[in-house]
Amino acid sequence: MKTHVLRVLVCGASGRMGRAVRAEIEASGAFTCAAGVDAKPGPGVEAPDAFEYLLASADAVIDFSSPEAACRYAAACARARKPFVTGTTGFSKQQLAALKAAARRTPVFFSPNMSPAVNLTFALTAFAAKRLSGFDAHVSEAHHAAKRDAPSGTALRYAEHIAAARGGALPPITSVRAGDIVGDHTVLYAGPHERVELTHRAHSRTLFAAGALKAAAWLAGRKPGFYDYFDLLDLKGLLV
Ligand code: NAD
């Protein structure tokens, strides 16, 4: 039986994550790179204004660019009814609203962290926050020196889960930017006489690239909507 190979258009294709996605596509039999676009074009990578033209021969888009660019690409995907996956972080409230507006016309998948394991720890964090209610919560994260946003989108997502579980304000977050750290996150619950730490360390960007491709395969053919890894992994039931 012939299996369908998903043609992926990569946005931010010259960047660290864009290169990792293209390498992962190359290594996989289930995807092919329809094209790449980037503000810094190069071999196999076109300028951003080629996006709509290239979209015609793609089945799905994976974006790791910038919040402004991601919103423009999401709007173009909505017009063309093509599935849009973004792992870009640092969206403002208005930009998130723009992504959700696109999701009314086409399936949009947004996760600040494309690691399935990290998404499981989001649910574990909420579970613990509720039950360790007397404990102080603190989120810390460390990333490479070139990362633009701080705190990371992942740290914010942990903090939002803690705040939602406890019905209060976001806990404090501390950020380190140094060297070539791919991404470390720790959620700390400190009580009297003891503390609990939930830590995830990413060893390689391949993790996020593979997660974004998994999301694209899952998203293709779905109804318009705003999805994340909680939908893909069916984790919503754990948030009780
Ligand atoms: P990077 O700076 O290496 O790459 C970003 C690329 O986007 C650059 O090549 C830049 O030229 C390009 N770009 C800028 N404007 C563009 C436009 N209009 N059109 C197309 N390309 C454009 O950054 P990175 O480390 O690859 O990270 C990219 C984003 O992904 C960041 O927001 C980062 O926080 C996020 N990220 C998310 C995950 C996740 O799992 N969700 C993992 C790692 C990084």
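Values quoted throughout were computed directly from the atomic coordinates according to the rules given, and no laboratory measurement underlies them. This one's a predicted model, so the numbers in the text were calculated from it and none came from an experiment. For neighbour counting, all protein chains shown are included, and Cβ atoms are generated from backbone atoms with ideal geometry for every residue, glycine included.
Residue 116 meets each of the listed conditions (1) farther than 26 Å from residue 92 by Cα; (2) in contact with a Gly (Cβ under 7 Å, 6 or more places away or on another chain) apart from (1). Counted as qualifying within segment 103-186 are the strands (runs of 3 or more DSSP E) with 1 or more residues that are basic (Lys, Arg), namely 173-177. Whether any residue in segment 80-88 is of a type in the set (A, V, I, L, M), out of contact with any Ser or Thr (no Cβ under 6 Å at 6 or more places or on another chain), over 21 Å from residue 203 (Cβ atoms) and surrounded by fewer than 20 Cβ atoms within 10 Å (Cβ to Cβ) is what I want to check. Among the residues of segment 80-88, at least one is of a type in the set (A, V, I, L, M), out of contact with any Ser or Thr (no Cβ under 6 Å at 6 or more places or on another chain), over 21 Å from residue 203 (Cβ atoms) and surrounded by fewer than 20 Cβ atoms within 10 Å (Cβ to Cβ), which makes the answer yes. If you filter segment 1-30 down to residues that are within 21 Å of the chain's Cα centre (by Cα), farther than 20 Å from residue 52 by Cα and among the basic types (Lys, Arg), you find that the one that is surrounded by the fewest Cβ atoms within 10 Å (Cβ to Cβ) is 16. Residue selection: residue 174 satisfies the criterion of being over 16 Å from the mean Cα position of the chain (by Cα) and closer than 18 Å to residue 144 by Cβ.
Collect the residues in segment 82-102 that are in a helix (DSSP H, G or I) and within 12 Å of the ligand (Cβ to nearest atom), keeping them in residue-number order. Quick ask: steps written out before the conclusion?
Within segment 82-102, the subset in a helix (DSSP H, G or I) is 93-102.
Listed by number, the list holds a single entry, 95.
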